[in-house]
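Please treat every number below as a calculation from the coordinates, not as lab data. Owing to the predicted nature of the structure, the values given are computational and were not obtained by experimental measurement. Here the Cβ positions follow ideal geometry from the backbone for every residue, glycine too, while neighbour counts run over all protein chains shown.
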Amino acid sequence: MAARIGISAVETEAMLRRRNEELERELKKSLEREDRMKEELRSVWGRVRVAEEAEERLCWQLGELEAEAVNEAREYRARVMELMEQLSDAHRVIRESSFSALRPPQPPFLNDVNLSILEL
């Protein structure tokens, strides 16, 4: 029985050593996985920072473009108003000239008569 206890203790010790080695391998793999995850996290964090900076630049550029578009729209509107005013003036001139063209010309002798009457 003493031999059996000794063998059992030896078997138990060997089994514990194997289990310990297995746990050490798993721990090593776990630590390696953790290191890879930390490195991946650093990499992702770097990409996030780059994306945030790009977003800030794009927002700034968008603001600049919006301001430029507003200014161009104001200039365009002013130009359209100016052209509308010119067109309105042109229509008025045409209308006035067409009214004077529709009046029949007075014969020259009536003009002379009118002048002679005025002279009296």
- Message: Which chymotrypsin sites (Phe, Trp or Tyr not before Pro) in the range 1-101 sit in a loop by DSSP (not H, G, I, E or B) and have at most 15 other Cβ atoms within 10 Å of their own Cβ?
- Response: none
- Note on the structure: the range 20-92: Kirkwood hydrodynamic radius (Cα pairs, Å) comes out at 18.1
